[in-house]
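This report concerns only the one structure given below.
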Amino acid sequence: MKKMFKKVTGFAVAFVMVICAIAPTPAFAAQPAAITQVTQLNTIASGEAGQVTFEFTGTGVADGNYVVHLSSFSDWDNSDGLSLYGTQTVSVFNPWFDEYEDRAQLIINVSGGAGQFTLRTDGTAPSMEITFFLYYANESRLFEDASGIANFTVSGNLGTNINTTGASPWAQEGLTQAISLGLVPTSLQSNYTEPTTRAEFAALAVALYENQRGTITGRVSFADTTDINVQKAAYIGVVTGVGDNQFAPNATLTREQAAVMLSRLATAIGTPLPAAAPTFADNNTISPWAIDGVGQMQSSGIMGGVGDNRFNPIGLYTREQSIVTIIRLLDYIS
């Protein structure tokens, strides 16, 4: 496997991401549009299959729904082991044949000049070069022509060796699985024993939801953060604010808060956990609003205690605990 990886990383897989606006038609002509940055949010193990998510930001890009289009020199829908994740069949107007045809397309939402898409790789294409072109809708149809209104090219590696240095032995397997599946942003792939912040947990929750259900298009705004994952997580009901339109994104997460968020996430995905009462010796220290969530976590095996049959509801929840319980939730609902 190592020899194969060294062999294929010597070249870049070239493909084009064409993003076509669909209803409502954005007013692109009002100002020049440009994609200013593309960030790879996660990596996967060398030579392994998995999913990699990218986020782009731009200026002058109108809010709305878009179709992300993947093309290459060899295959319209798949490029050397790479394909778009989360596609659906839609009717697209083909200007060359002057007719509509059904195609598998990935529909995403751009809000505030930012959007995300996910690629799936079969493990044979660890290197890539991506060129983005944004196209507009014409007469309420997905019309493609040669005049892209914005473009951006980014090169990088999809595959890398997963680093779980510093993580607890019990968390190693879950961390590796979560990172390989594209559920852990790069920024969270270190310092595994540190406490998780509310915003970091929102990013993990959004990654799992979009892995299962597709891109979240709605947003809920807070006065103290513009974090897109916080806005998405609030929209699907996984997180709420702390009052006065504040979210406290950098506040550390407690164990009972994590239990409630995981329970809400299961419901949002469409697989609510069965009701169950917790049986910990310190049940009387669990907040009333968290009792149900803690019971669901205990009965499902997604979260356990901290020893001596205690749950320790106000104890801090670490990054590795957050990631591993996200994977446990995925395993449970799957």
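Only the coordinates and a few stated rules stand behind these numbers; no lab work does. If you're wondering where the values come from, they're calculated on a predicted model, not measured in any experiment. Ideal geometry is used to build each Cβ from the backbone, glycine not excepted, and the neighbour counts take in all protein chains shown.
Using amide H atoms built 1.01 Å from N in the peptide plane, name the residues 5+ places from ASN191, or on other chains, whose amide H lies under 5 Å from its own.
none
Lys and Arg at +1, Asp and Glu at -1: add these up for the other residues within a Cβ distance under 12 Å of THR197 and post the number.
Numbers: positive: ARG198, ARG319; negative: GLU194, GLU200, ASP227.
Value of the local net charge: -1.
Please compute the length gained on full extension between ASN163 and TYR332, using 0.36 nm multiplied by the number of residues separating them and subtracting their Cα-Cα distance. Write out the running numbers ahead of the final one.
Numbers: separation 169, 0.36 × 169 = 60.84 nm, distance 2.53 nm.
Here the segment from ASN163 to TYR332 would lengthen by 58.3 nm.
For GLN212, what charge total do you get from the other residues with a beta carbon under 15 Å from its beta carbon, if Lys and Arg give +1 and Asp and Glu give -1? Can you show the working numbers first?
Values: positive: ARG120, ARG213, LYS232, ARG264, ARG328; negative: GLU210, ASP331.
Computed value for this residue: +3.
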